[in-house]
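*Asks:* Sharing a structure here in structure tokens format.
The values are calculated or read from the model by the stated rules, or taken from the named source; none is laboratory data. Nothing here was measured: the structure is a model prediction, and the numbers come from that model. When we count neighbours, we look across all protein chains shown, and the Cβ atoms used for this are built from the backbone with ideal geometry, even at glycine. What goes into the accessible areas is simple: the full protein's heavy atoms, side chains included, and nothing from ligands, DNA or RNA. Shrake-Rupley method; radii C 1.70, N 1.55, O 1.52, S 1.80 Å.
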Amino acid sequence: MHPDSPQRTVAVIGGAGYIGSHTARALAAAGRPVVVVDNLSTGHIEAARFGAFVKADISETEMLQEVFARFQIDSVFHFAASAYVGESVVEPEKYYKNNVAGSVSLLEAMRRAGVKKIVFSSTCSLYGETADELLTEEHAVNPMNPYARTKLCIEWVLRDYASAYGMRHVCLRYFNAAGAAPDASLGEFHDPETHLIPLVLRAALDPSRSIRIFGTDYPTPDGTCIRDYIHICDLAEAHLLALKRLDAGLPSEVFNLGNGKGHSVREVIDCARLVSGRPIAVEECPRRRGDPPKLVGSSERACAELGWRPQFSDLRSIMETAWNWERKLEESSRGRTGRTFPAGKSA
């Protein structure tokens with residue numbers, strides 16, 4: 001894109017969810033016009049406030065085509081997916097229908113509307129179980145569950161669309177997204193919640209809760225699994241850099257996004273105790289099937305080719321933003337039945 005050309009609109013598909021909303025926020029802050037498209041099945045309308053909003057499902061090809069034409073969409077960020085690993089094992093039909101068939105529907109709407117740039121939300125789960133210390137993009141993929149297999153399938157579809165239709169893409173393989181906006185205006189809000197950091201912090205807020213450790217006999221320094229945590233705002237920034245790459249006319253590519261260092265489950269719990277200043281009860285449980293001992297990613301390619309530099313590179317800084325957000329959720333939900341997503345100001 002020429003520096004003097006007008007900023008074209010970006011469609012953030014699934015922009016009412018955790019990663020999508022933070023990315024829409026970053027786009028709006030950078031002055032890029034945004035249209036959030038979400039069916040609100042798991043997203044929150046309160047998070048879809050960083051541009052225009054259209055309620056639609058990715059299976060609605062004709063409606064998406066109309067949205068792309070009406071808003072003069074130039075590029076797409078694709079976050080819309082069913083994303084619970086356990087559920088994908090017992091309901092694979094839902095995952096292949098929503099994630100794969102839905103993505104093909106989205107790509108068809110893009111093709112009809114002449115939109116040829118897409119940044120896709122992929123996952124480190126593609127690598128499966130591995131003994132490697134640091135995973136690179138060249139590592140063999142071996143997805144171990146239907147959720148991960150759907151993500152790999154979409155990566156293959158994107159390659160074929162690039163070859164056949166000239167649709168360029170960037171696939172971003174995340175490690176463990178965590179944290180919240182530093183001003184606590186936006187954060188993680190899942191139902192059910194399965195991610196370790198929010199679960200640990202909820203246990204800090206509620207003394208009646210405990211946090212379960214699945215497996216204490218792994219071949220790691222303290223016997224618990226090690227994972228790579230990346231701050232949500234750093235993830236959002238990587239999406240903007242990926243779009244910049246596509247705007248510059250560069251070819252399609254795949255990038256890992258992680259901090260390049262891991263933290264065990266016990267280290268996460270200890271950090272949460274430190275940040276919150278509260279005790280956290282622990283329950284030790286047997287291993288879960290398919291949990292690899294260690295998953296840590298190399299982001300050297302993203303740093304070298306995108307110019308990406310994570311700003312929240314240590315666990316404590318990530319945890320502090322998550323803690324501030326969890327306390328805000330607790331306050332906004334006080335006196336109500338269930339947790340409530342707090343209202344926020346629009347961009």
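*Asks:* Work out, step by step, the length gained on full extension between Lys244 and Cys285: first 0.36 nm times the residue separation, then minus their alpha carbon distance; give nm to one decimal.
*Replies:* 10.3 nm
*Asks:* Would you check the accessible area of Tyr147, probe 1.4 Å, heavy atoms only, in square angstrom rounded to 10?
*Replies:* About 30 Å², ignoring ligands and nucleic acids.
*Asks:* Probe radius 1.4 Å, ligands and nucleic acids ignored: give me the carbon and sulfur share of the accessible area of the chain as a rounded percent.
*Replies:* Roughly 49 percent, rounded to a whole number.
*Asks:* Assigning unit charges at the beta carbon (Lys, Arg +1; Asp, Glu -1) and nothing else, what dipole magnitude in debye, to the nearest 20, does region 245-347 show about its Cα centre?
*Replies:* Around 340 debye, computed over region 245-347.
*Asks:* Something else about it: In the chain, if every C-alpha pair distance is counted and binned at 20 Å from zero, what percent goes to each bin?
*Replies:* P(r) over the chain, rounded to whole percents: 31, 60, 9.
*Asks:* So, one more: Tell me the Kirkwood radius of region 1-147: reciprocal of the mean inverse pair distance over distinct alpha-carbon atoms, in Å.
*Replies:* About 16.3 Å, per the Kirkwood formula over Cα pairs.
*Asks:* Give the angle, between 0 and 90 degrees and rounded to the nearest 10, that separates the Cα long axis of helix 61-70 from the longest principal axis of the Cα atoms of the chain.
*Replies:* Computed tilt is about 70 degrees.
*Asks:* Continuing with the same structure: Taking the Cα centre of region 132-202 as origin, work out the dipole magnitude from +1 charges on Lys and Arg Cβ and -1 charges on Asp and Glu Cβ, in debye rounded to 20.
*Replies:* 240 debye
*Asks:* For Val100, what charge total do you get from the other residues with a beta carbon under 10 Å from its beta carbon, if Lys and Arg give +1 and Asp and Glu give -1?
*Replies:* Result for the local shell: +3.
*Asks:* Say R0 is 25 Å: what FRET efficiency, to the nearest 0.05, do Glu108 and Arg8 get from their beta-carbon distance?
*Replies:* So the FRET efficiency works out to roughly 0.75.
*Asks:* Toward the positive end of the charge dipole of the chain, about the Cα centre and with charges on Cβ (Lys, Arg +1; Asp, Glu -1), which of Thr130, Gly297, Pro207 goes farthest?
*Replies:* Pro207
*Asks:* Once you charge only the Cβ atoms, +1 for Lys and Arg and -1 for Asp and Glu, what is the size of the charge dipole of the chain about its Cα centre, to the nearest 20 debye?
*Replies:* Charge dipole of the chain: 600 debye, to the nearest 20.
*Asks:* Going from most exposed to least, what order do Thr220, Thr42, Thr194, Thr150 have by accessible area with a 1.4 Å probe?
*Replies:* Largest to smallest exposure gives the sequence Thr42, Thr194, Thr220, Thr150.
*Asks:* From the P(r) of region 100-151, could you give the percentage of C-alpha pairs in the tail past 14 Å?
*Replies:* 62 percent
*Asks:* Right, something else. Can you flag which of Lys55/Lys94; Lys117/Lys294; Lys116/Lys151; Lys55/Lys151; Lys151/Lys244 are past 27 Å Cα-Cα?
*Replies:* The pairs that break the limit, which is 27 Å between Cα atoms, are Lys117/Lys294.
*Asks:* Return one number: the angle in degrees, 0 to 90 and rounded to the nearest 10, between the long axis of the Cα atoms of helix 265-276 and the longest principal axis of the Cα atoms of the chain.
*Replies:* 90 degrees
*Asks:* In degrees between 0 and 90, to the nearest 10, how far off the longest principal axis of the chain does helix 146-165 point, with axes built from Cα atoms?
*Replies:* Once rounded, one gets 20 degrees.
*Asks:* Counting each DSSP H run of 4 or more residues in the chain as -39500 (n - 2.57), what helix-only mean residue ellipticity at 222 nm follows after dividing by all residues, to the nearest 500 deg cm²/dmol?
*Replies:* Computed ellipticity for the chain at 222 nm equals -11500 deg cm²/dmol.
*Asks:* Okay, next question. How many nm separate the modelled label positions at Arg212 and Glu138, each set 7 Å beyond the Cα in the direction of the Cβ?
*Replies:* According to this spin-label approximation, the distance is 4.0 nm.
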